[in-house]
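The values are calculated or read from the model by the stated rules, or taken from the named source; none is laboratory data. Owing to the predicted nature of the structure, the values given are computational and were not obtained by experimental measurement. Neighbour counts run over all protein chains shown; Cβ positions are idealised from the backbone, glycine included. Please note that ligands, DNA and RNA were not included when accessible areas were found on the heavy atoms of the full protein model with its side chains. Shrake-Rupley method; radii C 1.70, N 1.55, O 1.52, S 1.80 Å.
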Amino acid sequence: MTVEKFQQMIAQGEPLAGTEMITFMRQQSAETRRLLMDLNTNYHTDEEIVDLFSRITATEVDPSFRMFPPFYTDFGKNIHLGKNVFINSACQFQDQGGIFIGDGCLIGPGTMIATLNHGFAPADRPNMTHAPVVLGKGVWTGAHVTILPGVTIGDNAIIAAGAVVAKDVPANMIVGGVPARVIKSIREAAND
């Protein structure tokens, strides 16, 4: 199994099941944990953080990327970032199902993005289902936001602190609450 094959399986909606898959995911997790230990326990310049995050994601991260560690992920290789993205401290990305973050996004401290779920029946719990999370351009998540598998957040949307986002969010809207619901549009907020 390779990262490319894994990403292809994810894109085709194949289940994450079986011994080969579990072994691959555990190996990738171990590699990522080594990199995270360095990121989270040593001081690094902005340039060094970009380099480490490029190694965590196995992609070239744009030099405009900024992060305040610590940061946590259990895979890393399925995080995709645009330009001018900022990730605040103590964020957790469960990225096996794919996390796509557009240009200019601001990710608040303690944000959790999940892309995996387990079967509900006890016999199905070892198997996982996956669904990507997509953040459009200019999305801002407040502190301690949780975004669940399969959610797409439209351009320029704001997710209020503490929200749990279980459904898609339209562009240019402010959502909040548990579960998150539309509060008002960006235009309305700008005129308040």
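For T41, the conditions (1) under 23 Å from H118 (Cβ atoms); (2) of a type in the set (S, T, N, Q); (3) open to solvent by 70 Å² or more (accessible area, probe 1.4 Å) are fulfilled apart from (1). Just to be sure I understand the filter: pairs with C-beta atoms under 6 Å, separated by 6 or more residues or on different chains, first member in the range 148-166 and touching a residue at least 40 places away in the same chain (Cβ under 8 Å) and of a type outside the set (G, A, S), second member open to solvent by 40 Å² or more (accessible area, probe 1.4 Å) and assigned to a loop (DSSP other than H, G, I, E, B). Which pairs pass? Matching pairs, first to second residue: D155/K137; D155/A171. When the range 108-148 is filtered for residues that are within 19 Å of F71 (Cβ to Cβ), in a strand (DSSP E or B) and over 12 Å from the mean Cα position of the chain (by Cα), only W140 remains. Across the range 82-99, a minimum of one residue is classified as of a type in the set (F, W, Y), within 16 Å of the chain's Cα centre (by Cα) and either under 19 Å from R66 (Cβ atoms) or in a loop (DSSP other than H, G, I, E, B) (or both).
Residues that are crowded, with 21+ Cβ neighbours inside 10 Å, modelled with pLDDT of 95 or more and closer than 19 Å to I10 by Cβ within the range 77-93 comprise I79, L81, F93, listed in sequence order. Would a scan of the range 32-50 turn up a residue that is part of a loop (DSSP other than H, G, I, E, B) and within 23 Å of M1 (Cβ to Cβ)? Checking the range 32-50: not a single residue is part of a loop (DSSP other than H, G, I, E, B) and within 23 Å of M1 (Cβ to Cβ). Scanning the range 1-26 for residues that are open to solvent by 60 Å² or more (accessible area, probe 1.4 Å) and not charged (D, E, K, R) yields M1, T2, Q8, A11, Q12, P15, T19, T23.
When you scan the range 57-70, do you find a residue that is in contact (Cβ under 8 Å) with a residue 60 or more places away in the chain and crowded, with 19+ Cβ neighbours inside 10 Å, even just one?
Here is the first cut: in the range 57-70, the ones in contact (Cβ under 8 Å) with a residue 60 or more places away in the chain are none.
No, that holds for no residue.
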